[in-house]
Amino acid sequence: MINWNFWFFSRSITAKTKDIKKVYLETDVYGENTTYITFDLLKAQHQQKYQFGYMLSQKERKWLFAEIRDFLQ
């Protein structure tokens, strides 16, 4: 389960590790020059894309991405 809270916004995602199909770093398409950790999750026969790491520094984001990628391999 993944949970995040920011002020009054919150989100929970519940899934099995085997349902994560891909984890990658994705740069914001609006030119914000921000990179997000993105993962594609296959749930109930459809694929959903989730992004997180907005509040992390670039260094923290890259470290966390490497840890997740290593865990999934």
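Computed from the coordinates by the stated procedures, all read-outs in this text should not be read as laboratory data. This structure is a prediction, so every number in the text was calculated from the model and none was measured. We place every Cβ from the backbone using ideal geometry, glycine too, and count neighbours over all the protein chains shown.
Sort ILE68, ILE37 by Cβ crowding within 10 Å, fewest neighbours at the top.
Ordered by Cβ neighbours within 10 Å, fewest first: ILE68, ILE37.
Fewest first, what order do LEU25, LEU41 take by the number of other Cβ atoms within 10 Å?
Ordered from fewest to most neighbouring Cβ atoms within 10 Å, LEU25, LEU41 come out as LEU25, LEU41.
Relative contact order, percent, of segment 20-72 when contacts are C-alpha pairs under 8 Å separated by at least 6 residues?
30
With r defined as the distance between the Cβ atoms of ILE13 and GLU67 and R0 fixed at 22 Å, what FRET efficiency is calculated, to the nearest 0.05?
0.80
Cut-off is 10 Å between beta-carbons; in what order do THR35, THR14, THR27 appear when sorted fewest neighbours first?
Listing THR35, THR14, THR27 from fewest to most nearby Cβ atoms yields THR14, THR27, THR35.
Note the full-extension length gain between TYR24 and TYR50 as 0.36 nm times their separation in residues minus their Cα-Cα distance, in nm to one decimal.
Values: separation 26, 0.36 × 26 = 9.36 nm, distance 1.07 nm.
Net length gain for the segment: 8.3 nm.
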